[in-house]
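Just so it is clear, none of the values below were taken in a lab; they were calculated from the coordinates. In this text the structure is predicted, and so the values were computed from the model without any measurement. As a convention, Cβ positions derive from the backbone with ideal geometry for all residues, glycine included, and neighbour counts pool all protein chains shown.
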């Protein structure tokens, strides 16, 4: 019964999003009002525990923070999240394809001024595929540098003819494979999550906040793919997160109808 209820709520979230009939970047920005800050916060927090919602909101709304005494890299990461969000909106308005050039530009926006000295000394640069091996997760996944371009081309080609009805399944497939390839020297998680949401919005599906407090289940979904190529845990997780992302708006809409 619980699964049936979750699916029903998920379908309501999708219907609510599709009722907005979003076609322009301005309409998308309006629909994402508030959610863009939350997405940047949660996506960043998964990777960097020093990121706070307060600092994220300050940078998104005022382009700066007051009385900050923390690590500058953290501020760069938050500021980069804002820049990447603006690229996201602009690209949607132009109906830009989610190709390798877009993925690289997105990653460059997200990681500018955040690569450490060691990576720079190894020749790594934001916006370029990795030159060296960087394994990730318990399964130590990651394609060899020489295989990244081919694997990314294949992955993105798989998304070309996807119907809107299959958007979430395709997005889940993209995300687990992207993280498994681990194409960049840094920023793969943040890039993968934002690219997944870009794909979803292109296919008239609500974008998803992967909440940092649910990261254990998120990592389990990634590992299910890494270990046995099982997509179901990630797909179920994304359905749940879709509901969690939009449940407050769904309740407000329901209350308006009652009144």
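Sort out for me the Cα centre separation of the range 167-189 from the range 95-119, rounded to whole Å. The range 167-189 and the range 95-119 have Cα centres separated by 14 Å. Dividing the summed helix terms, -39500 (n - 2.57) for each DSSP H run of n ≥ 4, by the number of residues in the chain produces a 222 nm estimate of -21000 deg cm²/dmol to the nearest 500. Look at 194, 32 and count the other Cβ atoms within 10 Å of each Cβ; fewest to most, that gives 32, 194. Please identify which residues in the range 37-58 have an amide N closer than 20 Å to a label point set 7 Å out from the Cα of residue 67, following the Cα→Cβ vector. Residues passing the 20 Å test: 50-58. Listed peptides 239-247, 9-17, 111-119 appear in the order 239-247, 9-17, 111-119 once ranked by packing, highest mean of other Cβ atoms within 10 Å at the front.
Sorting 155, 168 from the fewest to the most surrounding beta carbons within 10 angstrom yields 155, 168. Listed by Cβ neighbour count within 10 Å, with the fewest neighbours leading, 20, 251 appear as 251, 20. What FRET efficiency comes out for the pair residue 83/residue 165, r = Cβ-Cβ distance, R0 = 30 Å, nearest 0.05? Approximately 0.40, to the nearest 0.05. On the basis of the beta-carbon distance and an R0 of 45 Å, residue 117 and residue 154 show a calculated FRET efficiency of 0.85.
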